[in-house]
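Engineer: Here it is, the structure in full.
Every read-out reported here was derived from the displayed coordinates using simple, explicitly stated rules and does not represent laboratory data. Since the model is a prediction, treat every value here as computed from it, not as a measurement. So basically every Cβ, Gly included, is an ideal-geometry build from the backbone, and we count neighbours across all protein chains shown.
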Amino acid sequence: MVNAIKGIFISCDIPMAQFIVNLNNSMPANEKFIVHMLDSTHMFVQPHVEVMIRSKISEFRDQNSYEKPQ
C-alpha cells in the first residue's frame, strides 16, 4: 500500500537549504516541518509552514542586506 503525504517541494541553493534545516532543528519535536531531505538542495516540507518559511527567509535577507550610507 502507498502512503501519500501532502506537502511543498522546495528547491534552493545550499546556504538557503541549510538555513531552512537550521530553522527546522530549532523547532520543538512536535513542530518540525521537514518531511524528507531529497538531497542538499531539495526538500519536501509540510504545507502549513510555507508562509512561515517565506517570512523567515525575508527577515533573514533584510538583516543581511547592505545599505549604502547616505
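Engineer: Being of a type in the set (A, V, I, L, M), in a helix (DSSP H, G or I) and over 11 Å from the mean Cα position of the chain (by Cα), is that true of even one residue in the stretch 3-26?
Structural biologist: For the stretch 3-26, residues of a type in the set (A, V, I, L, M), in a helix (DSSP H, G or I) and over 11 Å from the mean Cα position of the chain (by Cα): present.
Engineer: Could you tell me which residue of the stretch 24-52 is surrounded by the most Cβ atoms within 10 Å (Cβ to Cβ), considering only residues that are under 11 Å from F9 (Cβ atoms) and free of Cβ contacts under 8 Å to residues at least 40 places away in the same chain?
Structural biologist: Among those residues, the one meeting the criterion is M43.
Engineer: Something else about it: Given the residues K68, K56, which is the only one that is among the basic types (K, R), without any contact (Cβ under 8 Å) to a residue 24 or more places away in the chain and at negative phi? Write out each step before concluding.
Structural biologist: Values: K56 fails: without any contact (Cβ under 8 Å) to a residue 24 or more places away in the chain.
Matching residue, one of K68, K56: K68.
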